[in-house]
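Take a look at the structure below.
The values are calculated or read from the model by the stated rules, or taken from the named source; none is laboratory data. The shown structure was predicted, so the numbers you read here are calculated from the model rather than taken from an experiment. Note that we place each Cβ from the backbone using ideal geometry, even for glycine, and neighbour counts take in every protein chain shown. Protein only, heavy atoms only, side chains kept; ligands, DNA and RNA dropped before computing areas. Shrake-Rupley method; radii C 1.70, N 1.55, O 1.52, S 1.80 Å.
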Amino acid sequence: MDLVTVNGLSKRFGGIVALSEAAFSARAGEVHALLGENGAGKSTFIQILSGAVKHDGGSILVDGQDYRPANPDDAQARGIAAVFQELSLIPDLSVEQNIWFRHEPQTMLGTVNRTQTRRNTLALLEKYDFPTLRPEQELRRLTLAERQIVEIAKGLAKNPRILILDEATSALPAREAEWLLKLTRQLAAEGRLVIFISHRMAEVRAIADRLTIFRNGSTVAAHEANTVSDDEIVTRMIGRHLDRLYPERVPTMTQRIALKVANLTSGSRLSGVDFSLREGEVLGVGGLQGHGQRELFQALFGATKAGGMIELWGKPAAIGNPRQALTGKDGIALVPEDRRGQGLLLTKSVRENLTLSVIRRFTENGLLSRQKEAALVKEMVDFLRIRAGTPEQLAGTLSGGNQQKVIFGKMLLTEARVLLLYDPTRGVDVGTKGEIFQLMRDLAAKGYAILFHSSDMPELVHVADRVLVMRNGRIAAALEGEHISEEGILRAAMLETRAA
Amino acid sequence: MVMSAEQTVERAQMPAQAKDTRPGIDWRGRALDRAPFLVACLMLALIVAIYGSLQSGVLSLDELNLDTAAAMTLMLAATGQTIVLLRGGIDLSIGGMISLGTVFAATRFTDDPSTTAFWALAILGLGFLIGALNGLLISLLKLQPFLVTLATWSILNGVAMIILPTDGGSVPGWWVGFASAQLLGLTSPVWMLLALLLFWWWFRATRAGITIQASGSNEKSAFLSGVSITRVNIVTYGLSGLFAAGAALFLITQTGAGSPTIGKDYILPSVAAAVIGGVSLFGGRGHLAGTLIGAFVLTLIGNLVFVLHVSSYWQPVASGVILLLSVLASSVAEKAARSRVQ
Ligand SMILES: Nc1ncnc2c1ncn2[C@@H]1O[C@H](COP(=O)(O)OP(=O)(O)OP(=O)(O)O)[C@@H](O)[C@H]1O
Ligand SMILES: [Mg+2]
């Protein structure tokens, strides 16, 4: 018998239809992938299942019984736990306080039993072979990847029968993502149902027993995973045939140097980075996570202090803070890692998010030209196919992938021609991924210079002209031509430094 | 440099994991987190030092007893305010509640201990109920705490005026005497201070305390984790009302009479004491110990102005400057902490 059966599920947010007549069924002991493009309704579905959002119509059966959770507690009581796409963590609590939040072991005084909490934490982390986490650390000091891991631990702490992973791999480095895939299989083998959402086809292929595809809020297909091809899945998902994911790599770089970096140093994470990025070039930055890639991007953008020299278009640049980094056509623009924390103002509209940092572009004689603004916003929304009801929809209510698109649009509107793209396709659906790669190549052809980091190695291999491999805060290798391969990158990333 | 394909890789030498260069305990991060609190302690020490150089016997038990009695009303009010700030809200209505509390006490307390005890409990209960109502309104109407509590402040103030239009009434002498009752050389306000700290130490470690803090730190996350935001608001503002009522009951030991307007003198100072003590106005961060130190700082500034023989109008000026300094200190620390993380 099916553990979960959903029929005719509908949900509207004001005028926006998030789900209409969606159907879903899954069995205990399987990994069930839920697929669909950005805004297809996957997260909404998950939020309904986990009691965070109430549905308008349709029925949900769990164990054959009617299920209509009033709040997340109801869902937990029925053994359903979700690892939310936007994470449900408390910045001011420690890692272990987050994991056991509201389920802490208590003392007779009604206070939290800290020794027991610590013991339970260590036992949990060990049982599922978690990557290193320090239980006492405050959450707001963690990187996005570490937070994602805490969120997973929090889900598992409830020992759920149904665990939902909403794009849980998207923020994880390769090694941790692999760990999660293994863990997912293990959980299914223990007889649990894991509902798995991801935009990475390879992951879905690796672990899913069955899959359900959403499109525009409705279910368009449900299959045994081994009976459909990737091609069929993608076509179902995006409603058209995708010829190729990666665009043709036509070299467009000139001899002109757009960005020259010498001896860039920042704390213990960046120790003397040198490279130059040329006009028309897409320069990849790879290596194992945590070897200075993030710090490199932040330092170049001026978000962290750094020493060394930076030249933009041949002129020395003192990049002190983000505002300075932004200004003008000779500036630098960044797509940051943590879109909810750094990239977006969640309580502002799509329009405001797009234009706030470039307001001067619509100002004539000190007056704001709403028409000009509206035209540019529309252009950007159409261009990136941002799925929003209107440009006035709040950014916080967009689907995850569409939030990422808004950040991309915001960066493009700055007119800066040196672009720093830190994982720009994170959480973006396949169709749009292809478009973003194409866009990157088009921009390069127009003379933009692009520094590009991706946690998904094949992207670096297929899109970049050259790949810098970082290790211990340095550039360990610069790969070109046929040396650019996943193996080549890994090799350079892991090789011990030879010279003493 | 271009990698050649021939370079060999010794698998055994590969680092298993990106090396974590951070030390086990992040001392500097912790120090930065506590910077606002440490700054408050420093300020208090400085003020005590100046005060001590102008006046003899400042570091005595008598002085501690006196100053704590002078600060206790503010401390009680600020305890409630701290809980609300931790939740990410603000409670202006405590002004009205304090006035109303003193007015009720001054008009209802009699020499009969059981009547007085009944009314004292009734005032505390009323404080909790009115606070809970604040919390309920904030949740149901989805309104800013500032607006809702501004409105209830005004209403409570009005009711206090209706009951007792001008300062007056009286409370029994034994109630007034409570504030100077001694045990082991310490007066009851000092014992109350210790009780407040004990309460905090317990409260912050309970699920309720953690839930309130979590809701102030990130409301959406708290909701997704199963927290009922309505219930949190009811408890948070209820506690604030309860402490405001407690402040009123203590205040009349100092004034001996009711006043329908006195409460407004505690609204902003209660927030200021918390902020000086390092409690964040954005919720999620802060400790009562800081608030209590902040309350001492604000009270001692009054003493200082007095012994300096300058116009008493300098007191709010000095309080304002200190408030600015603490806000500055915490924002500097915040920036320093942030530039380290990302
Ligand atoms: N609170 C809300 N208010 C208004 N619209 C919303 C809200 N939540 C979701 N939506 C809309 O519902 C639609 C479905 O969003 P959902 O987050 O379920 O998509 P998704 O399939 O998870 O996409 P992604 O892959 O990008 O995460 C989107 O168009 C989104 O803008
Ligand atoms: Mg989603």
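Just a few scattered comments:
- Within the range B:175-191, the set of residues being open to solvent by 60 Å² or more (accessible area, probe 1.4 Å) and in contact with a helix residue (DSSP H, G or I) (Cβ under 8 Å, 6 or more places away or on another chain) comprises B:F178, B:S180, B:Q182, B:L183.
- Residue check, A:T414 touching a strand residue (DSSP E or B) at 6+ places or on another chain (Cβ under 9 Å), more than 9 Å from ligand 1 (Cβ to nearest atom) and touching a residue at least 24 places away in the same chain (Cβ under 8 Å): yes
- Test: residue in the range B:42-60 that is of a type in the set (F, W, Y), touching a helix residue (DSSP H, G or I) at 6+ places or on another chain (Cβ under 6 Å), open to solvent by 20 Å² or more (accessible area, probe 1.4 Å) and assigned to a helix (DSSP H, G or I): no
- Beta carbons closer than 8 Å, at least 6 apart along the sequence or on distinct chains, pair a first residue in the range A:41-55 that is more than 16 Å from A:L398 (Cβ to Cβ) and not assigned by TED's automatic domain parsing to the domain that holds A:G396 with a second that is part of a loop (DSSP other than H, G, I, E, B) and within 13 Å of ligand 2 (Cβ to nearest atom) for A:S50/A:F84; A:A52/A:F84.
- Counting only residues that are more than 10 Å from chain B (Cβ to nearest Cβ) and open to solvent by 20 Å² or more (accessible area, probe 1.4 Å), the range A:71-93 holds 2 of them.
- Qualifying residue in the range A:374-387 (condition: more than 16 Å from ligand 1 (Cβ to nearest atom), touching a Lys or Arg at 6+ places or on another chain (Cβ under 8 Å), under 30 Å from B:K220 (Cα atoms) and among the β-branched types (V, I, T)): yes
- Some residue of the range A:357-376 being of a type in the set (A, V, I, L, M, F, W, C) and under 23 Å from the mean Cα position of the chain (by Cα): no
- Scanning the range A:37-51 for residues that are within 16 Å of ligand 2 (Cβ to nearest atom) and modelled with pLDDT of 90 or more yields A:G41, A:K42, A:S43, A:T44, A:F45, A:I46, A:Q47, A:I48, A:L49, A:S50.
- Test result for A:L165, hydrophobic (A, V, I, L, M, F, W, C) and open to solvent by 50 Å² or more (accessible area, probe 1.4 Å): no
- Hits in the range A:346-376 (condition: surrounded by 14 or more Cβ atoms within 10 Å (Cβ to Cβ) and of a type in the set (A, V, I, L, M, F, W, C)): A:L346, A:V350, A:L354, A:V358, A:F362, A:A374, A:L376
- Some residue of the range A:331-352 being within 16 Å of ligand 2 (Cβ to nearest atom), of a type in the set (K, R) and more than 28 Å from A:L300 (Cβ to Cβ): no
Let's see how each residue does on (1) out of contact with any His (no Cβ under 9 Å at 6 or more places or on another chain); (2) outside the structural domain of A:L300 (by TED's automatic domain parsing):
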| site | (1), (2) |
| --- | --- |
| A:R200 | yes, yes |
| A:A206 | yes, yes |
| A:S218 | yes, yes |
| A:A221 | yes, yes |
| A:E224 | yes, yes |
| A:V234 | no, yes |
| A:L245 | no, yes |
| A:R269 | no, no |
| A:F275 | yes, no |
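- Hey, A:T107 hydroxyl-bearing (S, T, Y), in contact (Cβ under 8 Å) with a residue 60 or more places away in the chain, under 29 Å from B:G283 (Cα atoms) and assigned by TED's automatic domain parsing to the domain that holds A:V62 or not: no
- Answer from B:I267, B:I262 - the residue that is at pLDDT 90 or above, surrounded by 19 or more Cβ atoms within 10 Å (Cβ to Cβ) and outside any helix (DSSP H, G or I): B:I262
- Residue check for A:A202: surrounded by fewer than 24 Cβ atoms within 10 Å (Cβ to Cβ), small (G, A, S) and farther than 17 Å from A:D456 by Cβ: no
- Condition check for A:R27: away from ligand 2 (no atom under 16 Å from the Cβ), open to solvent by 10 Å² or more (accessible area, probe 1.4 Å), over 21 Å from A:V204 (Cβ atoms) and modelled with pLDDT of 90 or more: no
- Scanning the range A:388-399 for residues that are part of a loop (DSSP other than H, G, I, E, B) and closer than 14 Å to A:L354 by Cα yields a total of 6.
- Listed by position, the strands (runs of 3 or more DSSP E) inside the range A:245-323 whose residues that are closer than 29 Å to A:T432 by Cα number at least 2 are A:257-266, A:270-278, A:282-286.
- The set of residues in the range A:343-402 being at positive phi and touching a residue at least 12 places away in the same chain (Cβ under 8 Å) consists of A:R385 alone.
- Tally, over the range A:393-432, of residues that are more than 14 Å from chain B (Cβ to nearest Cβ), away from ligand 2 (no atom under 14 Å from the Cβ) and open to solvent by 10 Å² or more (accessible area, probe 1.4 Å): 7
- Number of the condition not met by A:R491 [criteria: (1) within 14 Å of another protein chain (Cβ to nearest Cβ); (2) open to solvent by 10 Å² or more (accessible area, probe 1.4 Å); (3) more than 16 Å from A:A174 (Cα to Cα)]: (3)
- Of all residues in the range A:183-239, exactly one satisfies the criterion of being closer than 24 Å to A:A388 by Cα, among the charged types (D, E, K, R) and touching a strand residue (DSSP E or B) at 6+ places or on another chain (Cβ under 8 Å), namely A:R236.
- B:S221 vs. criteria crowded, with 24+ Cβ neighbours inside 10 Å and free of Cβ contacts under 8 Å to residues at least 24 places away in the same chain: no
- Of the residues B:W174, B:W191, B:W201, the single one that is in a helix (DSSP H, G or I) and within 14 Å of chain A (Cβ to nearest Cβ) is B:W201.
- A single entry from B:I234, B:I229, B:I163 fulfils the requirement of being within 14 Å of chain A (Cβ to nearest Cβ) and surrounded by 15 or more Cβ atoms within 10 Å (Cβ to Cβ): B:I229.
- Residues satisfying the stated conditions in the range A:10-50, i.e. charged (D, E, K, R) and either near ligand 1 (Cβ under 10 Å from one of its atoms) or closer than 22 Å to A:N402 by Cα (or both): A:K11, A:R12, A:E37, A:K42
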